[in-house]
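The values are calculated or read from the model by the stated rules, or taken from the named source; none is laboratory data. Bear in mind the structure is a predicted one, so any value in this text is a computation, not a measurement. Glycine gets a Cβ as well: all are built from the backbone with ideal geometry, and neighbour counts include every protein chain shown.
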Amino acid sequence: MDFTRRTFTRLTMALAGATMLGVTPSLAQEKPAPFDNPGNVKIALVRYLSTGDFFQAYLSGVEAQAKALGVDLRVFDSRQDAALQADMVDQAIALGVQGIIIQHGLTESMKDAAQRAVDAGIKVVAFDVNVENDKIPQIEQSDRDLARLALEQAIRDNGESWKAGYVYVAGIAPLDRRNETWVEFKKKYPGINEVAMFGTLDNPIANSVANQARSVLSANPDIKVMFAPYDEFAKGVKIAVDEAGLSKDIKIYSADISTSDIAAMRETDSAWAATAATNPAVVGQVSVRALAMLLAGEDPGHNVIVPPTLITQKDLNDNDIKNMEELSAKMPQFAHADVAMPAWMPNPNAK
């Protein structure tokens, strides 16, 4: 190739022009249809659970990724009404959306609703609800790993023999997956004695669980570990433990994290010892990205898994972490998941 001064000058000018436009030529990637004209793309988020910091952060992630893509997002909130959630899927179909994210829910109520959306030619992804449909990718937090990380820390802190209270509500996909790990741990460590199982999703969840936990602690004052694999459960257990004056005698292990959870874990003599979590905002972003890939004719995979991070009380105190922003800054593995991230996908976290 005759690489002349004139050729070099032309290349330099092209590079400079691209840089002025904020584009790195080697990394530039045109968005595929329909995101080359995103104003025409309309998607819906249909929620079952919305109470608590986790779900507010999840929503913020969905909104951030939708904004980065330039799509029109509509949010439907059923507030734990299964029949209403199914009806809201039908409302989204009637609205003419191209894609739907189903967030939590019950298999029996969402299976048929999700199929109706697929039959209407709408792309669907499901977060933490099993709709039993091979055409619908499942967004997961790797719930078995969430439970495993928390329980491994419980073993490190307390040994292999202790009496446990366990907070669980059956029929919710992520809780069912976390329960599978709990069952396996009890088999692996026969010294773990589950003396009480309880749980509710009645609003407000933390206060409702606290009411149950008061009775459990009264009947079982020798409990040493509470496994509460959802942070609203853990908040409720902590209320009861504090009221009973047992914060130095019981350790709580959970899943999920928020700024208010961090504050609760860092209280003096807090019983809340550790949690395993993904960044809920990142999970929300991944949910939108997986749906966007479907709309672009790409395959995100059937199981789109966001890896979790173990966060201990010691981690928070040693690093003086006070909120979610500091958690992301000081534990970078928590800040972003390189999941469902093709080259053309905008990253709302990019500085």
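With the requirement that a residue be surrounded by fewer than 24 Cβ atoms within 10 Å (Cβ to Cβ) and either touching a Cys at 6+ places or on another chain (Cβ under 7 Å) or in a loop (DSSP other than H, G, I, E, B) (or both), what does the range 251-261 give you? First the steps, then the outcome.
Pass one, the range 251-261, residues surrounded by fewer than 24 Cβ atoms within 10 Å (Cβ to Cβ): 251, 258-260.
The answer is S258, and nothing else.
Quick check on my filter: what residues within the range 266-279 are touching a helix residue (DSSP H, G or I) at 6+ places or on another chain (Cβ under 6 Å) and within 18 Å of K224 (Cβ to Cβ)?
We begin by selecting, within the range 266-279, every residue touching a helix residue (DSSP H, G or I) at 6+ places or on another chain (Cβ under 6 Å); these are 266, 271-274, 276, 279.
Hits for the range 266-279 are A271, W272, A273, A274.
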Margin query: Just to verify a result, which residue in the range 280-318, among those that are within 18 Å of D231 (Cβ to Cβ) and hydrophobic (A, V, I, L, M, F, W, C), is surrounded by the fewest Cβ atoms within 10 Å (Cβ to Cβ)?
Written below: L310
Next item on the list: Inspect all residues belonging to the range 231-241 and state whether any of them is over 21 Å from K314 (Cα atoms) and surrounded by fewer than 24 Cβ atoms within 10 Å (Cβ to Cβ).
Entry: yes
Notebook entry, point to check: Out of (1) in contact with a helix residue (DSSP H, G or I) (Cβ under 9 Å, 6 or more places away or on another chain); (2) outside any helix (DSSP H, G or I), the odd one out for P221 is which?
Noted result: (1)
Margin query: Quick test for you: out of Q313, Q333, pick the one residue that is closer than 25 Å to W182 by Cβ, of a type outside the set (V, I, T), outside the structural domain of A150 (by TED's automatic domain parsing) and free of Cβ contacts under 8 Å to residues at least 40 places away in the same chain.
Written below: Q333
Next item on the list: Give the residue, chosen from E184, E140, E132, that is crowded, with 21+ Cβ neighbours inside 10 Å and among the charged types (D, E, K, R).
Entry: E140
Note to self: Considering only the range 195-206, I want to know if a residue exists there that is more than 27 Å from D53 (Cβ to Cβ) and more than 23 Å from the chain's Cα centre (by Cα).
What the structure shows: yes
Check: Counting only residues that are assigned to a helix (DSSP H, G or I), under 28 Å from D87 (Cα atoms) and not acidic (D, E), which one in the range 113-154 is farthest from the chain's Cα centre (by Cα)?
Finding: R116
Next item on the list: Could you tell me which residue of the range 155-181 is surrounded by the most Cβ atoms within 10 Å (Cβ to Cβ), considering only residues that are part of a loop (DSSP other than H, G, I, E, B) and of a type in the set (V, I, T)?
Entry: I172
